[in-house]
1. Of everything in the stretch 102-126, what is over 17 Å from Ile27 (Cα atoms), at pLDDT 70 or above and surrounded by 12 or more Cβ atoms within 10 Å (Cβ to Cβ)? Give them in sequence order.
2. Given the conditions (1) within 20 Å of His15 (Cα to Cα); (2) at pLDDT below 85, report the number of the one that Tyr75 does not fulfil.
3. Scan the stretch 82-101 for residues that are in contact (Cβ under 8 Å) with a residue 24 or more places away in the chain and of a type in the set (Asp, Glu) and report the count.
Amino acid sequence: MTAPTDTTTELMTEHLQYAPLTLIDDIINSANAILYQSMEAFETYLRDTLIPSLPSKKADKAFDLDVQEDNEELYKELEFGMAQTETLLENAVDRNFDAFELYVLRNVFNVPEEVDGYLRLRHHLVWILYRFFITSCRLFLLFGQE
């Protein structure tokens with residue numbers, strides 16, 4: 001299928017009451033928000049479960065000063081690993097949602113060129129019927145009831 005034209009985009013926006021690209025952007029933003037929430041939960045899990053001697057950001061736990069030096073190294077390693085994991089997941093989400101965006105714009109929010117000139121929305125039909133009614137009334141008034 002071909003990419004949507006300006007006419008198709010205007011028609012879909014008028015029919016749906018929002019731009020198709022807005023819907024796709026909202027879906028992508030929601031996926032990114034879920035990604036960041038899950039990364040935060042994963043980091044909290046790693047701190048609380050796998051490295052119990054590290055204090056959580058939310059809880060103020062007192063810990064031994066001798067163990068603090070070892071924990072700083074573990075903390076740096078955890079932060080570095082979380083940053084790499086987050087970067088990999090962001091790239092995967094971006095790549096897959098770019099493909100999703102192209103698919104949806106080409107196949108879901110697209111009107112084929114053969115149908116483009118014949119597609120009418122309900123309020124367009126009302127305008128056509130109104131024009132037909134006015135023309136009929138004028139003809140009736142001009143030629144009478146013969």
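The values are calculated or read from the model by the stated rules, or taken from the named source; none is laboratory data. Computed from a prediction, not measured in an experiment: that's the story for all the values here. Every residue, glycine among them, receives a Cβ derived from its backbone with ideal geometry; neighbour counts consider all protein chains shown.
1. Those that are over 17 Å from Ile27 (Cα atoms), at pLDDT 70 or above and surrounded by 12 or more Cβ atoms within 10 Å (Cβ to Cβ): Asn110, Val111, Glu113.
2. With respect to (1) within 20 Å of His15 (Cα to Cα); (2) at pLDDT below 85, Tyr75 is out only on (1).
3. 3
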